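Engineer: This is the structure I want to talk about, given as structure tokens.
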Amino acid sequence: MTRDEAYSLMCEWTESENLRKHMLAVEAAMRFYAEKFGEDAEKWAVVGLLHDMDYEKHPTPEEHPYVAVEYLKKQGVSAEIIHAILAHAEYTGVEPETLMAKTLRAVDELCGFITACVYVRPSRSVLDLSVKSVKKKMKSAGFARAVKREDITAGAELLGISLEEHIGNVIEGMRGSAQQLGLAGDQSG
């Protein structure tokens, strides 16, 4: 499946602009890591775009990501992508065995947290967001309460890098798509 096909499928299955932007953010982070690791950036982008494609209509742990996985299997999507989508949700019991699956699990929560950090910035831009600022927000239990900080920390450990490096990598990946994500701030002035 190509990136364009995955994007069309994501749009077909998802109406929520925020959920679409989340999947685009995960795509950007996955593409960044694929390039960093010398992997297939197109394939990694596809998994980022599709990992939550069924979440809007099937948000329960009994259905997500299983509905999407069954559909994607019928479409002939590779076993590696299927595995990564299953493994991104810890409650499935599927352990991330490939570098792509580990990376998807590692970036998913962090992309959401970084987006929340951007939304409260005066600039409303990821372009001037620092690792220090994200780490400071992580210490605030009242900020973005739904985001599991332990998943972010575990993600860095899964990739064998420091939390600071992981945050910096995901910020850098999201910067490359800042306009598309609506995270470039006010560009009028």
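Please treat every number below as a calculation from the coordinates, not as lab data. All of these numbers come straight from a predicted model, not from anything done at the bench. Here Cβ is always computed from backbone atoms with ideal geometry, including for glycine, and neighbour counts include all displayed protein chains.
Engineer: From His88, His22, grab the single residue that is out of contact with any Cys (no Cβ under 8 Å at 6 or more places or on another chain) and not small (Gly, Ala, Ser). Even if it seems obvious, please write down each step before you answer.
Structural biologist: Values: His22 fails: out of contact with any Cys (no Cβ under 8 Å at 6 or more places or on another chain).
Only one candidate qualifies: His88.
Engineer: May I ask you to list the residues in the stretch 36-54 that are aromatic (Phe, Trp, Tyr) and closer than 20 Å to Met1 by Cα?
Structural biologist: Filtering the stretch 36-54 for residues aromatic (Phe, Trp, Tyr) gives 37, 44.
Trp44 - this is the single residue of the stretch 36-54 that is aromatic (Phe, Trp, Tyr) and closer than 20 Å to Met1 by Cα.
Engineer: From Leu129, Leu104, which residue is of a type outside the set (Val, Ile, Thr) and in contact (Cβ under 8 Å) with a residue 60 or more places away in the chain?
Structural biologist: Values: Leu129 fails: in contact (Cβ under 8 Å) with a residue 60 or more places away in the chain.
Exactly one residue qualifies, and that residue is Leu104.
Engineer: If Asp186 passes every condition in (1) of a type in the set (Asp, Glu); (2) within 15 Å of the chain's Cα centre (by Cα); (3) loosely packed, with under 13 Cβ neighbours inside 10 Å but one, which one does it miss?
Structural biologist: Only one criterion in (1) of a type in the set (Asp, Glu); (2) within 15 Å of the chain's Cα centre (by Cα); (3) loosely packed, with under 13 Cβ neighbours inside 10 Å is unmet by Asp186, namely (2).
Engineer: Could I ask something else about it? Would you pick out the residues in the stretch 1-20 that are touching a Leu at 6+ places or on another chain (Cβ under 8 Å) and of a type in the set (Val, Ile, Thr)?
Structural biologist: Residues satisfying the conditions do not exist here.
Engineer: Okay, next question. Report whether or not Val118 is under 26 Å from Arg3 (Cβ atoms) and in contact with a His (Cβ under 8 Å, 6 or more places away or on another chain).
Structural biologist: no
Engineer: When the stretch 115-174 is examined, which residues are found to be under 18 Å from His22 (Cα atoms) and among the small types (Gly, Ala, Ser)?
Structural biologist: If the condition is that a residue be under 18 Å from His22 (Cα atoms) and among the small types (Gly, Ala, Ser), then Ala116, Ser125, Ala144, Ala146, Gly155, Gly168, Gly173 are the ones that fit.
Engineer: Right, something else. If I filter the stretch 119-130 for residues that are out of contact with any strand residue (DSSP E or B) (no Cβ under 6 Å at 6 or more places or on another chain), within 17 Å of Trp44 (Cα to Cα) and not aliphatic (A, V, I, L, M), do I get at least one hit?
Structural biologist: no
Engineer: How about the stretch 103-143: which of its residues are under 15 Å from Val170 (Cβ atoms) and of a type outside the set (A, V, I, L, M, F, W, C)?
Structural biologist: Listed by number, the residues that qualify are Thr103, Arg105, Asp108, Glu109, Gly112, Thr115, Ser130, Lys132, Ser133, Lys135, Lys137.
Engineer: Specify which of the listed residues (Val131, Val147, Val170) is touching a Cys at 6+ places or on another chain (Cβ under 7 Å) and either acidic (Asp, Glu) or under 17 Å from Val107 (Cα atoms) (or both). Steps first, please.
Structural biologist: Values: Val131 fails: touching a Cys at 6+ places or on another chain (Cβ under 7 Å); Val147 fails: touching a Cys at 6+ places or on another chain (Cβ under 7 Å).
The conditions single out Val170.
Engineer: Here's a follow-up. Against the condition within 23 Å of His166 (Cα to Cα) and touching a Gly at 6+ places or on another chain (Cβ under 7 Å), how does Leu127 come out, does it pass? Can you show your working first?
Structural biologist: Values: within 23 Å of His166 (Cα to Cα): yes; touching a Gly at 6+ places or on another chain (Cβ under 7 Å): yes.
So Leu127 passes the test.
Engineer: Look through the stretch 21-43, keep the residues that are out of contact with any Leu (no Cβ under 9 Å at 6 or more places or on another chain) and basic (Lys, Arg), and return whichever of them is nearest to Leu159 (Cα to Cα).
Structural biologist: Out of the qualifying residues, it is Lys36.
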